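Okay, structure first, notes after.
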Amino acid sequence: MICCKNNSGSVLIKKIIHSPKAPVAAGPYSQAVLLHNTLYVSGQIPLNPLKGELVTGAFQNQVQQVMRNLQHVLNEAGMDFTDVLRTTVYLTKIKHYNIFNDVYSTYFTDHYPARSLVEVAALPGKAAVMIDLIASKEN
C-alpha cells in the first residue's frame, strides 16, 4: 500500500493489486491499482497463467481466457463484473467483432459498462485480443 498527499493535502491510499491466478505483469506495470474505491486494471491478453503460454486457436477461447484473467484480478480486489464501469477492447481483426460480443455478453448482462473497441495492428505476444478496464465499488 502506498500513501501520499495530493496538492490539497488529502491522503491518497493506493494499493497494488496482484492475483496469483492471473498472468504476471510482463513489464514495469501492475496487474491493477486500487485508488480509494476505483480499480484500474491493466490490459489482459489471452495468456494462460498456469502454463505461461498464449491461448491460440478459436478466437472465442482467447476471449474467454482474457475474461477469466480479468475476473481473477477483479476478485483479488473484492470486485466482480457488476462493478465494472468501463472497458477498452483491442482486436487485431475487426472481423472478430461479433464473436467477441457473443463471449463478452456472457459476462455482462443488464449492467453493461461503457466500452470502446478498436482494431489495432498488433498486440503483445501476437495476441488477437486485449482488454483493460476500470471498476468501482462502494465500501
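Since every read-out is calculated from the coordinates, none of them should be taken as a lab result. Keep in mind the model is a prediction, meaning the values are calculated, not measured. A quick note on method: Cβ atoms are made from the backbone with ideal geometry, for glycine too, and the neighbour counts reach across all protein chains shown.
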- [ ] Could you tell me whether residue 135 is touching a residue at least 24 places away in the same chain (Cβ under 8 Å), closer than 17 Å to residue 19 by Cα and crowded, with 18+ Cβ neighbours inside 10 Å?
- [x] yes
Task: Tally, over the range 63-92, of residues that are buried (at least 20 other Cβ atoms within 10 Å of the Cβ), in a helix (DSSP H, G or I) and among the polar types (S, T, N, Q) - done: 2
TODO: Mind counting the residues in the range 93-139 that are on the phi < 0 side of the Ramachandran plot, of a type outside the set (A, V, I, L, M), assigned to a helix (DSSP H, G or I) and out of contact with any Phe, Trp or Tyr (no Cβ under 9 Å at 6 or more places or on another chain)?
DONE: 7
Open item on the list: Restricting to the range 98-139, give me the number of residues that are within 16 Å of the chain's Cα centre (by Cα), of a type in the set (A, V, I, L, M) and over 18 Å from residue 55 (Cα atoms).
Closed with: 6
Task: All positions within the range 26-57 that are β-branched (Val, Ile, Thr) and either touching a Ser or Thr at 6+ places or on another chain (Cβ under 6 Å) or closer than 18 Å to residue 129 by Cα (or both) - done: 38, 41, 45, 55, 56
Open item on the list: Anything in the range 96-127 that is touching a residue at least 40 places away in the same chain (Cβ under 8 Å) and surrounded by fewer than 15 Cβ atoms within 10 Å (Cβ to Cβ)? List them, or say none.
Closed with: 102, 124, 125, 126
TODO: Working carefully through the options 60, 44, find the one that is in contact (Cβ under 8 Å) with a residue 40 or more places away in the chain, buried (at least 21 other Cβ atoms within 10 Å of the Cβ) and of a type in the set (S, T, N, Q).
DONE: 44
